[in-house]
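All remarks here apply to the structure that follows.
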Amino acid sequence: MLNAATPEFIDTLRGDLPATCFRELTPAYLEEPRGRFTGQGAALLAPETTEQVATIVRACAAANVGVVPYGGGTGLVGGQVQETGPAPVVLTLERMNAVRGVYPVENAMVVEAGVTLAEVQAAAEEQGRLFPLSLASEGTARIGGNLATNAGGVNVLRYGNARDLCLGLEAVMPDGSIWNGLSRLRKDNTGYDLKNLLIGSEGSLGIITAASLKLFPQPEQTGAGLLVVPGPEAALDLLALAGKLLGNSVSAFELIGAMGLHFLAEAMPQVRLPFDDVPDWMVLIDLGMAAGQDPQEALETLFAEAFEQGLVTDGLVAQSETQRQEFWAVRENIPAANRVIGSISSHDISLPLSAIPEFITRGGAALGKIAEMRINCFGHLGDGNLHYNVFPPAGQTRDAFDHLRGDVKACVHDLVHEMGGSVSAEHGIGRLKVKDLQKYGDPTKVALISAIKSALDPQGIMNPGVIVSA
């Protein structure tokens with residue numbers, strides 16, 4: 001049984017930590033972006049070094065006090081806020097924001113957990129390198145949180161998830177010991193892969209304090225196209241054709257439904273829409289190519305071949321980097337428009353690629369039996385990850401549908417599970433989906449997760465209630 005972090009406990013920490021570690025626990029650290037969770041905490045601690053993190057965790061272990069790690073606060077499954085139970089310590093990594101080293105020849109860099117994703121990208125770019133993880137929240141999200149949740153983003157098709165972009169970690173374990181695993185090696189078969197155990201563990205097994213990251217050469221030429229497709233099945237065929245004609249130069253392949261553009265027009269009219277008549281389905285394809293290659297020509301060739309095969313009916317190819325960024329602004333602002341509209345239930349799911357068209361058809365029909373609702377379906381078609389979000393009809397608010405939220409979620413997740421998919425593609429389990437993991441997860445996997453948690457964190461102080469019930 002955990003204990004609350006009492007004022008007396010916090011006072012004991014003051015003798016071991018500098019005064020700069022103690023911050024006011026403002027409401028911002030107890031909220032999550034969708035307003036679904038409101039957390040609690042006894043104190044906010046902002047360590048500046050790994051040793052200070054270790055001091056905090058050792059003290060919490062000795063007193064049996066919970067620790068909730070806080071990165072950029074952009075998580076959407078409640079992993080950064082604890083609603084119930086004894087009041088924990090909230091530990092923010094925001095002051096651990098140093099770039100410890102960039103090694104262009106090795107295509108590697110070492111950064112602390114509190115560096116924002118945008119700052120990681122900029123540090124790589126200064127050395128003529130690319131760190132390809134890219135999210136709409138990259139200006140706020142911190143790399144420690146990205147790794148703790150195994151973030152995905154738009155470039156997974158070409159470069160992989162956060163897990164695939166990490167070479168090594170430094171972390172503070174539940175007993176306060178420091179694991180010095182900041183290797184920049186590409187090959188190291190010395191025992192269990194502890195790095196990949198901590199990546200995706202959402203702070204439930206330890207606190208990531210620094211990471212060695214993979215870098216890549218910057219593409220010499222980039223380009224983008226918005227292509228109108230008859231439907232999701234044609235989009236999949238277009239993806240296959242793009243792979244055949246363009247190879248690994250395809251960095252991103254995003255499916256966008258009409259509802260996303262309608263929401264942008266309603267909630268964010270400043271975003272320039274690409275088509276006067278909104279198509280039912282469109283694909284945003286992004287290319288990164290070597291010197292001497294022409295992305296515009298490649299996309300035009302793809303369009304011509306796809307048009308002949310009936311896979312596209314219209315399209316635009318960016319004629320400049322400015323226009324390419326305008327195309328991406330459409331895709332990247334859809335989540336912001338969603339928040340303005342207010343969803344009944346949002347779903348981060350993945351499916352086998354060939355199952356996606358059938359899921360979209362069956363999902364809409366099943367939800368229509370519950371109530372009249374709007375569906376905004378968009379996402380990373382190249383890796384099978386859809387953001388399948390359900391909204392009230394025009395003119396109504398989500399409050400009037402809150403009583404149906406559980407039914408909507410179950411309808412979507414049941415169908416995803418039936419079709420061999422995952423109810424958590426890239427946002428993790430957090431506290432929101434703990435019951436979903438129990439319901440849909442393989443029983444042996446769930447048992448192993450619990451066993452690992454018990455072995456590494458027998459007191460249950462690390463982010464209590466995340467992934468495994470507290």
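The values are calculated or read from the model by the stated rules, or taken from the named source; none is laboratory data. What you are looking at is a predicted structure, and each value in this text was computed from that prediction instead of being measured. Cβ coordinates were reconstructed from backbone atoms using ideal geometry, including for glycine residues, and neighbour counts include every protein chain displayed. Ligands, DNA and RNA are stripped out before the accessible areas are found, and what is left, the full protein with its side chains, is counted by its heavy atoms. Shrake-Rupley method; radii C 1.70, N 1.55, O 1.52, S 1.80 Å.
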For this session: Considering only the stretch 116-137, state which residues are of a type outside the set (A, V, I, L, M) and not in a loop (DSSP other than H, G, I, E, B).
Result: 116, 119, 121, 125, 126, 129
Problem set entry | Search result, residues across the stretch 110-132 that are open to solvent by less than 10 Å² (accessible area, probe 1.4 Å) and either within 19 Å of residue 69 (Cβ to Cβ) or polar (S, T, N, Q) (or both) | 111, 113, 114, 115, 117, 120
Exercise. In this structure, is residue 352 surrounded by fewer than 19 Cβ atoms within 10 Å (Cβ to Cβ), free of Cβ contacts under 8 Å to residues at least 60 places away in the same chain and out of contact with any helix residue (DSSP H, G or I) (no Cβ under 6 Å at 6 or more places or on another chain)?
Worked result: no
Seminar exercise, completed: The condition of being over 20 Å from residue 36 (Cα atoms) and small (Gly, Ala, Ser) holds, among 425, 470, 451, only for 451
Exercise. Do any strands (runs of 3 or more DSSP E) entirely within the stretch 161-263 hold 2 or more residues that are crowded, with 24+ Cβ neighbours inside 10 Å and without any contact (Cβ under 8 Å) to a residue 60 or more places away in the chain, and if so, which?
Worked result: 166-172
Problem set entry | Residues satisfying the stated conditions in the stretch 345-358, i.e. of a type outside the set (Val, Ile, Thr) and over 23 Å from residue 398 (Cβ atoms) | 350, 351, 352, 353, 354, 355, 357, 358
Problem set entry | Check on residue 84, open to solvent by 10 Å² or more (accessible area, probe 1.4 Å) and assigned to a helix (DSSP H, G or I) | no
For this session: For residue 338, work out the one condition from (1) under 23 Å from residue 246 (Cβ atoms); (2) part of a helix (DSSP H, G or I); (3) open to solvent by less than 20 Å² (accessible area, probe 1.4 Å) it doesn't fulfil.
Result: (1)
Exercise. Quick one: would you say residue 37 is under 26 Å from residue 457 (Cβ atoms) and modelled with pLDDT under 95?
Worked result: yes
Exercise. Got a sec? Which of 178, 199, 256 is in contact with a Phe, Trp or Tyr (Cβ under 7 Å, 6 or more places away or on another chain) and modelled with pLDDT of 95 or more?
Worked result: 256
Exercise. Which one of these does residue 6 not meet: (1) within 20 Å of residue 178 (Cβ to Cβ); (2) without any contact (Cβ under 8 Å) to a residue 40 or more places away in the chain; (3) open to solvent by 50 Å² or more (accessible area, probe 1.4 Å)?
Worked result: (1)
For this session: For the stretch 12-25, indicate whether the set of residues that are surrounded by 16 or more Cβ atoms within 10 Å (Cβ to Cβ), on the phi < 0 side of the Ramachandran plot and within 31 Å of the chain's Cα centre (by Cα) is non-empty.
Result: yes
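The rows are residues; the columns are (1) surrounded by fewer than 20 Cβ atoms within 10 Å (Cβ to Cβ); (2) part of a loop (DSSP other than H, G, I, E, B); (3) touching an Asp or Glu at 6+ places or on another chain (Cβ under 7 Å); (4) not aromatic (Phe, Trp, Tyr).
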site: 278; (1), (2), (3), (4): yes, yes, no, yes
site: 283; (1), (2), (3), (4): no, no, yes, yes
site: 299; (1), (2), (3), (4): no, no, no, yes
site: 306; (1), (2), (3), (4): no, no, no, yes
site: 311; (1), (2), (3), (4): no, yes, yes, yes
site: 315; (1), (2), (3), (4): no, no, no, yes
site: 329; (1), (2), (3), (4): yes, no, no, yes
site: 332; (1), (2), (3), (4): yes, no, no, yes
site: 343; (1), (2), (3), (4): no, yes, no, yes
For this session: Mind listing whichever residues of the stretch 421-448 are over 17 Å from residue 345 (Cβ atoms) and over 21 Å from the mean Cα position of the chain (by Cα)?
Result: 438, 442, 443, 444, 445, 446, 447, 448
